[in-house]
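K.L.:
Take a look at this one; I'll ask things after.
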Amino acid sequence: MDRDLHQIYERYAGDVYRFLLKMCCDEELAKDLLQDTMLKAIAAIDSFRGNCSVRTWLFSIARNLYADYRKRAERRVLPLDSVPEPESADRLTDQLTDADTALHIHRLLHRLEEPYREVFSLRVFAELSFRDIGAVFGKTGNWAGVTYYRAKQKLIELMKEEGLYEED
């Protein structure tokens, strides 16, 4: 059993970490949540029914842990002096134009409401199938496909508003 758990960790830890990093944009938090995800998976391995892939199951655990983290974080009130200062304009201008555009698109993505943001992220960044995305949410693959299409349309509209998208 320990060997199986070790193999699960070795095989999926990188995917789960990247998934968490895309959601939280914080390397240390993603590492912490990865460890919590794996610990929770180890504790619940006997309840894994196999109606989805192990990867999808781990993504579901990670997603729920991140949602719990966000709920706790929203309850905390931070003093104004603890808010980090924005990066200087000089450092931003040194970035490549494509990187700047990608960052802007990520910011627009975070303006989408749930579940659109997460479905889009799972499809594009985690490269999950619609069936697996549906399983993460306890829905069908068809639901995931429709939600992804709507998320894409909403993102395109936001990009048009920002002048980042031009139709041919």
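K.L.:
With a 10 Å Cβ neighbour count serving as the proxy for reagent exposure, in which order, fewest first, do TYR12, TYR69, TYR149 appear?
P.N.:
TYR149, TYR69, TYR12
K.L.:
Using the count of nearby Cβ atoms within 10 Å as a rough guide to exposure, how do MET23, MET38 rank from fewest to most?
P.N.:
Least crowded to most crowded, the residues run MET38, MET23.
K.L.:
Another one. List GLU28, GLU157 from most exposed to least, where exposure is judged by having the fewest other Cβ atoms within 10 Å.
P.N.:
GLU28, GLU157
K.L.:
Follow-up question, since we're still on this one. Can you work out the PRE-style zone for ASN64? Point 7 Å along Cα to Cβ, and I want the residues of the stretch 21-55 with backbone N under 12 Å.
P.N.:
Under 12 Å, as judged by backbone N against the label point of ASN64, lie 37, 40-45, 47-49 of the stretch 21-55.
K.L.:
Next question. Could you tell me the distance between the Cα centroids of the stretch 9-29 and the stretch 107-168, to the nearest Å?
P.N.:
Using only Cα atoms, the two centres lie 19 Å from each other.
K.L.:
Beyond 17 Å, what percent of the Cα pairs of the stretch 1-76 remain?
P.N.:
41
Coordinate-derived values only; no laboratory data. Note that this is a predicted model, so its numbers are computed, not measured. Using ideal geometry, Cβ is built from the backbone for each residue, glycine included, and neighbour counts are taken over all protein chains shown.
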